[in-house]
Amino acid sequence: MDLFDHQVIPLALTPERDSAISFWPNWLSGKDADDLLRKSIETIDWRADSIRIVGKQIPIPRLQQWFGQPGTSYTYSNICLQAVGFPDWIDLIRHNVESQTGAAFNRALVNYYRDGSDSVDWHADDEPELGSEPIIASLSLGVERVFQLRHRLTKQRISISLPHGSLLMMGAGIQNYWQHRIAKVANLEEPRVNFTFRYMS
Ligand SMILES: O=C(O)CCC(=O)C(=O)O
């Protein structure tokens, strides 16, 4: 882990207030990232969820799983995810992410983009149970995809390429003013897995 590789990308929230994205492009070594990618794909009990739009069930374009305190749940876009307890190996990642970022995380939404036709559309991680100004840390494994951010009011956009083994943290206030997405990519066959660590009280 190269601490000097830490980048801070300032992000305006309002004319009076800034926040920042913290980014560690080489957070994991290639070998550690390879092992975690393989283990994630092979051992996570992936869910294929769908959302109801005008009376129709539409599959979301990715697989996912929600880890946290068993017996609790998380709902977004009308999908209710019952928490699966953290296996030791994900708990270790969670702990290392906490040590690196200095923030506390007790939940993880894990996304599996099987190829370039999988994606997540514009949204913010702003459900009330995540608190008023959620801090979100995101570990990327697998093929590089572009993380796009768009300011809700000014429509300013920024794009960050997320390499295999990179860690990105969205600071306080970003979910309130910015949305993000991973867009589809044509002719891309390689998979990507993303862990987004969150905190719920
Ligand atoms: O895959 C990513 O990098 C983003 C995932 C995401 O936006 C989410 O889980 O809310």
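Taking other residues whose beta carbon is less than 13 angstrom from the beta carbon of S119, and scoring Lys, Arg as +1 and Asp, Glu as -1, yields +3. Normalising the Debye intensity of the range 3-198 to I(0), with uniform scatterers on Cα atoms only, and taking log10 at q = 0.16 Å⁻¹ returns -1.10. Within a straight-line Cα-Cα reach of under 14 Å, K184 can be paired with the following aspartates and glutamates, leaving aside sequence neighbours fewer than 8 residues apart in one chain: D115, D118, D121, E144. For R152 and S50, the FRET efficiency from 1/(1 + (r/R0)^6), where r spans their Cβ atoms and R0 equals 25 Å, is about 0.40.
Between E190 and A104, the FRET efficiency estimated from the beta carbon spacing at R0 = 30 angstrom works out to 0.40. Label separation (D35 vs Y76): 2.9 nm, computed from points 7 Å beyond Cα along the C-beta direction.
Ranked from the most accessible area to the least, with a 1.4 Å probe and all protein chains present, what is the order of H180, H95, H123?
Working: H180 10, H95 95, H123 50 Å².
Sorted by accessible area, descending: H95, H123, H180.
I'd like the carbon and sulfur percentage of the solvent accessible area for the range 3-198, probe radius 1.4 Å, heavy atoms only, ligands and nucleic acids excluded.
Numbers: 4890 of 9420 Å².
Looking at the range 3-198 in its full context, I get 52 percent from C and S.
Rounded to the nearest whole Å², what accessible area per residue is found for the chain with the 1.4 Å probe? Walk me through the intermediate numbers first.
Working: 9900 Å² over 201 residues.
Per residue, the chain has an accessible area of 49 Å².
The values are calculated or read from the model by the stated rules, or taken from the named source; none is laboratory data. Worth saying up front: this structure is predicted, and the values here are computed from it rather than measured. All Cβ positions, even for glycine, are placed from backbone atoms using ideal geometry, and neighbour counts span all protein chains on display. All accessible areas refer to the heavy atoms of the entire protein, side chains included, with ligands and DNA or RNA removed. Shrake-Rupley method; radii C 1.70, N 1.55, O 1.52, S 1.80 Å.
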